[in-house]
């Protein structure tokens, strides 16, 4: 790792400036620049999460650090969000992608920029960075994508294997509340009229997400894995095994080993300097070495990094919250080149249902040990001991292993069998079972049996009978110790994580083969350590107050099962701007266990903005009800100013 002097430059900060797009819409930005007369490279982060308040504290961990090391750093609110003008009809709209390219060109043309631009971000910002890297504008020289999706249908928060995720309802309530929040006083005295116009023009993107229930053009748009050959700049892809988007890193490195380098840690949906569970790493120093290599030279030399650096997990006693994962850092080439595929015919392993054919149980309550889909920056939500769910599933289990097995890459389960009139879905979970009988989930996957092999065709009630389906499990790097067993569990429900209409009653499996990518030898330790996490910035300009931690619960009353969690109001205060941002979320799932048909999900997301001129509050309450044949959604947005009603919107789909 190249040694870097700490803060070689003093930094100037511009809290608000405008960047005008060709159609006249102005995007709001916050800029940090090193105090130097020489032009420097620029680094862009481009997201809809309100530079003025919502992620202001997070911005101050990254941008001032890069600026102090010789980069002009800019944080831009996407059109229709924060202080920016315009409207956002949905995620990754064409205007959003066009704006990113325009901002890159604008940066390169500034007198304080040397014409070279980098782009980075986490989640939406990381995905935007990947999208901008497709046939990239000439000034864009490198990108960093953290916890980003490369496949919007398979590896996002909407669907998995063609099945709706309950996360899509949470995000369906959260995104409108973000986009309906008021611009700040930065925009001038017309801020309130702009706020009203923004709410009046607000769309309800969940309607699109539920309507587009096959992969199709809607989800291919913005999914760079379908245009990987057009990626044209070096990309550092960073992910975490506890994150919903963990497949992106290995997949992108496999697709473009000439352009993509990968780092995967044990954490969830976080920048890795705040990675949880740990160990975390020093993202800022890692990124700085990346930027220095690609942005400070017209013709950079080859990068001598390992193609993949990953945390090789091992067995941990499952728990809702873990501080540190067991394992070690390793390095290798692309997983597809390093691993050998072993085909495991599951009929040769002990089955809970005797010899084939096997029936997949239709218990609608399977899934209560699943945890969250992506551990989205919340405290807790990791998968629990799988034993209770496995007891209600079709299970195949090996004898205790005579030697260690290292799983490295993406697994595929091939199934052949028959279904009835309603094909339903199959969920597969691979677990590491300790000698004491505790089952720690290694990976899992989902498959809607109504869809074709590309997940393209929309579900059809007439498709039934014999099927052959490949079910992809999440990629992983995991050492199963000798003396432990591998267990594969199959179920037709995984509630509340998978929001399926109802479990199929008669899925019969005639044959099952698990394609397991196995390393013949243990991967190498890191040739040099990853940087340690830093507590940045050294001088904090915010304070955070959380009166109570996030809570989770499960409650059973007769046939009614209820699960939920509540993030109490979390408040961040910014003394510099005399503002405060607070939010809370409550999510509850209920199920009629007598038949598994009736399900309901309730979400309430509320945000509060305290500022010198008053207090704004925006909330969205959403209810999704599912019966045997349909899902309906009712949602209501309420905006208040100084505790008085300001505007309201309602949607029903």
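Please treat every number below as a calculation from the coordinates, not as lab data. None of the values given here were measured: they were computed from a predicted structure. Ideal geometry is used to build each Cβ from the backbone, glycine not excepted, and the neighbour counts take in all protein chains shown.
The distance linking the range 354-383 with the range 414-442 is 9 Å (Cα centroid to Cα centroid, whole angstrom).
For the chain, with equal point scatterers placed on the C-alpha atoms only and solvent neglected, what are the log10 I(q)/I(0) values from the Debye formula at q = 0.07, 0.10, 0.11, 0.12 1/Å, to two decimals? Evaluating at q = 0.07, 0.10, 0.11, 0.12 Å⁻¹ gives log10 I(q)/I(0) of -0.44, -0.93, -1.13, -1.34.
If you take every DSSP beta bridge whose two residues both sit in the chain, what share of them, in percent to the nearest 5, is antiparallel? Around 80 percent of the beta bridges assigned by DSSP in the chain are antiparallel ones. Mean separation of Cα pairs under 8 Å and 6+ residues apart, divided by the residue count of the chain: what relative contact order is that in percent? Answer for the chain is 12 percent. The residue 518 and residue 26 beta-carbon pair, evaluated with R₀ = 60 Å, returns a calculated FRET efficiency of approximately 0.65. Separation of the range 133-205 from the range 533-561 is 23 Å, based on Cα centroids. For the range 225-303, the mean projected area of the C-alpha convex hull, equal to one quarter of the hull surface, is 5.5 nm². Annotation: peptides 8-14, 559-565, 343-349, ranked by per-residue average of other Cβ atoms within 10 Å with the highest first, follow the order 559-565, 343-349, 8-14.
Rounded to whole Å, the principal axis extents of the Cα atoms in the range 44-192 read 49, 40, 28, largest first. Taken along the Cα-to-beta-carbon direction at a fixed 7 Å, the label points for residue 185 and residue 342 span 6.6 nm.
Contour minus end-to-end for residue 416 and residue 627, with contour as 0.36 nm per residue of separation and end-to-end as the Cα-Cα distance? Mind dumping the intermediate values first?
Details: separation 211, 0.36 × 211 = 75.96 nm, distance 2.83 nm.
So the extension gain works out to 73.1 nm.
Take the Cα of residue 9, step 7 Å toward its Cβ, do the same at residue 220, and the gap between the two points is 4.3 nm. Neighbour counts of other Cβ atoms within 10 Å put 494, 478 in the fewest-to-most order 478, 494. Relative to the first principal axis of the alpha-carbon coordinates of the chain, what is the inclination of helix 283-295, with its axis defined by its Cα atoms, in degrees from 0 to 90 and to the nearest 10? Value to nearest ten degrees: 70. With the gyration tensor restricted to C-alpha atoms of the range 339-524, the semi-axes of the equivalent ellipsoid amount to 26, 19, 17 Å, longest first.
Distance between the modelled labels on residue 321 and residue 193, one decimal in nanometres: 4.9 nm (7 Å Cα→Cβ projection). With angles folded into 0 to 90 degrees, how steeply does helix 191-200 sit against the dominant principal axis of the chain? Use alpha carbons for both and round to 10. Taking Cα atoms only, the helix is inclined about 30 degrees.
So what is the diffusion coefficient of the range 479-580 in µm² per second by Stokes-Einstein at 37 °C and 0.692 mPa s, using a Kirkwood Rh over Cα pairs? The Stokes-Einstein estimate is 154 µm²/s. Shape of the range 335-391 from its Cα gyration tensor (a ≥ b ≥ c, root eigenvalues): rounded if a/c is under 1.5, otherwise prolate when a/b > b/c, or oblate? The shape class here is oblate.
Using Cβ contacts closer than 10 Å as the measure, can you line up 363, 156 from fewest to most? Let's see the in-between values first.
Numbers: 363 18, 156 27.
Result, fewest neighbours first: 363, 156.
If the chain between residue 387 and residue 38 were fully stretched, how many nm would it gain, using 0.36 nm times the residue separation less the Cα-Cα distance?
Full-extension gain reported as 119.4 nm.
With neighbour counts taken as other beta-carbon atoms within 10 Å, the residues 617, 532, 212, 105 rank, fewest first, as 532, 105, 212, 617. If the segment from residue 640 to residue 456 were pulled out straight at 0.36 nm per residue, it would be longer than the present Cα-Cα gap by 62.0 nm.
What is the helix-to-structure angle for 167-179, meaning the angle in degrees between its Cα long axis and the longest Cα principal axis of the chain, kept from 0 to 90 and rounded to the nearest 10? The helix 167-179 is inclined about 10 degrees to the chain. Using 1/(1 + (r/R0)^6) with R0 = 41 angstrom and r between the beta carbons of residue 470 and residue 304, what's the FRET efficiency to the nearest 0.05? After rounding, the FRET efficiency stands at 0.65.
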